[in-house]
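Comments concern the structure below.
The values are calculated or read from the model by the stated rules, or taken from the named source; none is laboratory data. This structure is a prediction, so every number in the text was calculated from the model and none was measured. Reconstructed Cβ throughout: ideal geometry from the backbone, glycine too, with neighbour counts over all protein chains shown. Heads up: the accessible areas ignore ligands, DNA and RNA and are worked out on the full protein's heavy atoms, side chains in. Shrake-Rupley method; radii C 1.70, N 1.55, O 1.52, S 1.80 Å.
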Amino acid sequence: MPASDSASPATKALAKAHVAHVLHSYDHDPANHHFGDEGAAKLGFDPHIMLKTLVVELIPSGKLAVAVVPVSGQLNLKAFASAMGAKKAALAAPAAAERATGYIVGGISPLGQKKRLPTCIDESVLGQPRVLVSGGRRGLSVELSPSDLVAVTGASTAKIAC
């Protein structure tokens with residue numbers, strides 16, 4: 001992909017890894033705080049393949065990790081904690097998520113983060129031919145294969161969505 005106004009750390013990471021991907025952009029409504037639902041609706045994609053990236057605090061260590069689950073579901077914090085070898089897990093404070101990833105809430109991508117956090121992707125997406133994740137800013141999504149997403153993020157997979 002040529003560098004353009006669509007370039008973000010996420011798209012640069014994909015280009016550097018030579019991963020085939022397609023960018024999809026839409027006009028984000030600043031009043032809408034349901035970013036994944038908005039993206040699925042505006043782009044016309046099934047919410048089962050549109051994924052949301054959540055930054056989670058692992059307890060008791062306080063370390064941060066990333067959960068990637070379909071927009072159509074919710075993160076099971078107990079299952080995520082178990083998958084990451086922690087006793088408990090809680091959603092990270094937005095400011096902590098932004099500091100760790102280098103992205104703003106609503107545009108946090110599992111790709112090209114400032115500090116690569118341990119990542120777990122819900123196993124339900126592995127059977128899909130393609131998925132979409134944030135491209136690194138509100139209104140930008142990246143379409144790629146689930147296997148490429150796992151490879152580029154170094155993610156593990158587990159049943160973490162409900």
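For the reader, a short list of remarks on this structure follows.
- Every residue from the stretch 47-71 that is out of contact with any strand residue (DSSP E or B) (no Cβ under 8 Å at 6 or more places or on another chain) and either under 25 Å from residue 148 (Cβ atoms) or open to solvent by 50 Å² or more (accessible area, probe 1.4 Å) (or both): 61
- Filter result for residue 125 (touching a Pro at 6+ places or on another chain (Cβ under 8 Å), more than 22 Å from residue 8 (Cα to Cα) and not acidic (Asp, Glu)): yes
- Qualifying residue in the stretch 99-120 (condition: in contact (Cβ under 8 Å) with a residue 40 or more places away in the chain and in a strand (DSSP E or B)): yes
- Scanning the stretch 12-35 for residues that are closer than 17 Å to residue 146 by Cα and either open to solvent by 50 Å² or more (accessible area, probe 1.4 Å) or not β-branched (Val, Ile, Thr) (or both) turns up 13, 14, 15, 17, 18, 20, 21, 22, 23, 24.
- Scan of the stretch 146-162 for residues that are more than 14 Å from residue 110 (Cβ to Cβ) and open to solvent by less than 30 Å² (accessible area, probe 1.4 Å), ordered by number: 158, 161
- Scope the stretch 4-37; condition out of contact with any helix residue (DSSP H, G or I) (no Cβ under 8 Å at 6 or more places or on another chain), modelled with pLDDT under 90 and not aromatic (Phe, Trp, Tyr); matching residues: 4, 5, 6, 7, 30, 31, 33, 34, 36, 37
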